[in-house]
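For reference, the structure discussed in these notes is given below.
The values are calculated or read from the model by the stated rules, or taken from the named source; none is laboratory data. The shown structure was predicted, so the numbers you read here are calculated from the model rather than taken from an experiment. Note: ideal-geometry Cβ built from the backbone for every residue, glycine included; neighbour counts use all protein chains shown.
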Amino acid sequence: MISAKSLRVDYDEVTAVLDLDVTIPAGQIYGLVGPNGAGKTSTIKALAGILEPTYGEIKIGGIDLELHPQEALLKLGYMPDFPPVYENLKVWEYLDVFATAYKIPKSERVKRVRQWVERVDLTSKFDAFIHTLSRGMRQRLVLAKTLIHEPSVLLLDEPASGMDPMARMDLRKILKEVADKGSTVLISSHILTELSDFCTAIGIMEKGRMVVSGTIEEIRARVGSKGRLTVRMADLGERSRDRLRDALRANEFVVDVLEKNIGEFRCYFRGNPTQAAKLLASLVHDGQLIADFHLDEDNVEDIFFKIGAKEVS
């Protein structure tokens, strides 16, 4: 649904994006991360057709953005980092303007406006002027504007900026719902721990280049990420503890078994969650009394710091 090949963006003597290649399929929530100045916003603006790249090919939903811009952009919903709003419009008027621009029939527009005002929790502000809204409320309003025409591709640049925790949680729910229906979401954010909660793939940029890109699982494997496994026993007898220790060490995915506290073992686990579940099943089958078993995997923030992308363009 989103494709960029050999994408380059220059600002006078500065190259913001250099030979970037990325492909994001339908239904994926793709987190674009990197330090300030890495080229994330320039990439998103180029994909949104707002910024003309120096060269490169961009396709939105299989449509060449340069050759057929109107057709490609109809598939797109774009939310910038600091979205402009019309201060003298009311909330419902603002959404109606954009619904009209996207050629949504009037009978359907009324329904869509009310639907999205309610969905972003601005019902009490339906008839309020935009200049009375807080920044977080404005962010929610622009999110509603971005989704009102039900685009198949979403480009969101720091959408959670200014939102309170409840609004951020609701944002994640909305994006998951949109992706579940087949839309593609590209989201840039500095809140890396939040991206871990719902992104299915990430791209890490540094100095205008894509350092690594792929699903979370693929990147974990590429950087040699090891999960942290904790197993706590109900039976603290010495023989039972020895049996558990031996069983863990015998597993092909377990490394460095350490009994942190009596009956509590910690180790690195090189397998995936399914393989961890099979390990737990085998321990229970062997008669081990397991009180706690959990696997902590590297999240987006952990991966980012392991890769060490810090330089700016």
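Values for this structure:
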| read-out | value |
| --- | --- |
| Qualifying residue in the stretch 125-140 (condition: over 23 Å from Thr41 (Cα atoms) and charged (D, E, K, R)) | yes |
| Selection within the stretch 214-224 - without any contact (Cβ under 8 Å) to a residue 60 or more places away in the chain and in a helix (DSSP H, G or I) | Glu217, Glu218, Ala221, Arg222 |
| Wholly within the stretch 225-307, strands (runs of 3 or more DSSP E) carrying at least 2 residues that are in contact with a strand residue (DSSP E or B) (Cβ under 9 Å, 6 or more places away or on another chain) and exposed (fewer than 12 other Cβ atoms within 10 Å of the Cβ) | 254-261, 290-296 |
| Selection within the stretch 63-96 - loosely packed, with under 13 Cβ neighbours inside 10 Å and either assigned to a helix (DSSP H, G or I) or acidic (Asp, Glu) (or both) | Gln70, Glu87 |
| Single unsatisfied condition, Val300 versus (1) more than 30 Å from Ile191 (Cα to Cα); (2) touching a helix residue (DSSP H, G or I) at 6+ places or on another chain (Cβ under 6 Å) | (1) |
| Unmet requirement for Gly208, which otherwise passes all of (1) at pLDDT 90 or above; (2) surrounded by 15 or more Cβ atoms within 10 Å (Cβ to Cβ); (3) under 30 Å from Arg140 (Cβ atoms); (4) not acidic (Asp, Glu) | (3) |
| Any hit, the stretch 291-305, residues being free of Cβ contacts under 8 Å to residues at least 24 places away in the same chain and under 30 Å from Lys207 (Cα atoms) | yes |
| Total residues in the stretch 97-116, condition in a loop (DSSP other than H, G, I, E, B) and closer than 27 Å to Ile2 by Cα | 3 |
| Residue list for the stretch 131-168, filter: at positive phi and either modelled with pLDDT of 90 or more or not assigned by TED's automatic domain parsing to the domain that holds Leu73 (or both) | Glu150 |
| Qualifying residue in the stretch 47-59 (condition: within 29 Å of Leu133 (Cα to Cα), in the same structural domain as Thr23 (by TED's automatic domain parsing), surrounded by 18 or more Cβ atoms within 10 Å (Cβ to Cβ) and of a type in the set (Val, Ile, Thr)) | no |
| First in the stretch 232-250 and closer than 12 Å to Phe293 by Cβ and touching a residue at least 12 places away in the same chain (Cβ under 8 Å), second anywhere and of a type in the set (Lys, Arg) and surrounded by 11 or more Cβ atoms within 10 Å (Cβ to Cβ), Cβ under 7 Å, 6 or more apart | Met233/Arg241 |
